[in-house]
Amino acid sequence: MKLFLIFISAAIVNNFVLSYFLGICPFVGVSKKVSSAVSMGMAVTFVMTITAAVTWLIYHLILVPFNVVILEYVSFILVIASLVQLVEMFIRKISKPLYDTLGIYLPLITTNCAILGLALFAVLREYGFIESIVYGIGAGVGFTLALVIMAGIREELELANVPKHFQGAGITMIVAGSLALAFMGFAGLISI
Amino acid sequence: MSEEILDEGIVKRIEGDKAFVTLMENDTCEDCGAKILCAPNEKGERGVLAKNEAGATTGQKVIVTESRDLLLKLSLMQYGLPLLGFLLGIFALYFSDISVAGIADEVVYFVGGLVGLALTSALSWKWAALASQNEDNYFEISKIYSNGSKTHEKVG
């Protein structure tokens, strides 16, 4: 039950994008089309889950025993950057179409503060190994959910008669703000 | 599924029956702190190689679309399947209560996850190779603009 609550908490109640406002750059940049949004969401979920596992091991088996917790940020950033590079190399090697489409956005995952936030929050909340992984999946699913909702709305907005001065970034920010308000309705539902 | 607009861009060069199109920065890129990193190829160009059946020439402004909607399938192949393998590997060992003397349980679970990841990655590799056998190009030029006005639209 606790694992389920952690998952729901990370995906909906404490959504990284719409509650913590982390990972806003890809949220705005890759939400023009639903298909791209789902792909980016899957990529982020993959990186988040692996990151949650690796950073847990590094923190509890290396940093804490050797009393070098001060290196937490540096080591986590290094892990995330290395993981994204590996994913990028892997995709470039095995799937050119996917690389052509997502390749230009992969660096956004490296600089995505949601990934670093996930690693730091998992440590802060003193999650166990399995709990951290579930937290990573939940955060990734929540990120995907936010991206897909935003992309769906933006696709519909293509057909809408948006006033000239609100077109582009303006209406995007208004939609993002409205979504954040809606997700804030879940605040306090689960405290884990 | 119908074709979807990817982006607008400028034809940088013609490579046989394809054209390399540099994508234009859109308004959402303007304030992105990571935009300097958006340079995927070796030459630092942010662009795609697209089928050029519309006959665009160097310097023309064009609209690039996905020639087939393979993106979701490919994403599932490249991310979904390996992630599933990773999780299955971890949870299989977690629920079977396996432990190795002298090694932390979490490390054992993680190794199990890596094995699952490797197996499913190999599987997705094969799957991707099969799927892309007939996929020469994923993008195509569907419209050509000249000086901001539409001059040609690909039929069909």
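Structure values in brief
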| read-out | value |
| --- | --- |
| Area projected by the alpha carbon convex hull of chain A, averaged over all directions, nm² | 11.9 nm² |
| Lys, Arg +1 and Asp, Glu -1 on Cβ, resulting dipole of region A:2-184 about Cα centre, debye, nearest 20 | 240 debye |
| Farthest positive-ward along chain A dipole, Cα basis, beta-carbon charges - from A:L22, A:G142, A:N161 | A:N161 |
| For B:79-87, mean number of other protein chain Cβ atoms within 10 Å | 5 |
| Average beta carbon contacts from partner chains per residue of A:26-35, 10 Å cutoff | 4 |
| Protein-only accessible surface order, largest first, of B:Y145, A:Y20 at 1.4 Å | A:Y20, B:Y145 |
| Local net charge near A:I58, Cβ-Cβ under 12 Å (Lys/Arg +1, Asp/Glu -1) | -2 |
| Ranked by how many other beta carbons lie within 10 Å on average, peptides A:49-57, B:110-118 from highest | A:49-57, B:110-118 |
| Of A:K33/B:K12; B:K12/B:K61; B:K51/B:K126, pairs whose Cα-Cα distance is over 18 Å | A:K33/B:K12; B:K51/B:K126 |
| Average other protein chain Cβ within 10 Å of Cβ, residues A:168-177 | 1 |
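The values are calculated or read from the model by the stated rules, or taken from the named source; none is laboratory data. As the structure is a prediction and not an experimental result, all values here were calculated from the model. Here Cβ is always computed from backbone atoms with ideal geometry, including for glycine, and neighbour counts include all displayed protein chains. Calculation scope for accessible area: heavy atoms of the full protein, side chains included, ligands and nucleic acids excluded. Shrake-Rupley method; radii C 1.70, N 1.55, O 1.52, S 1.80 Å.
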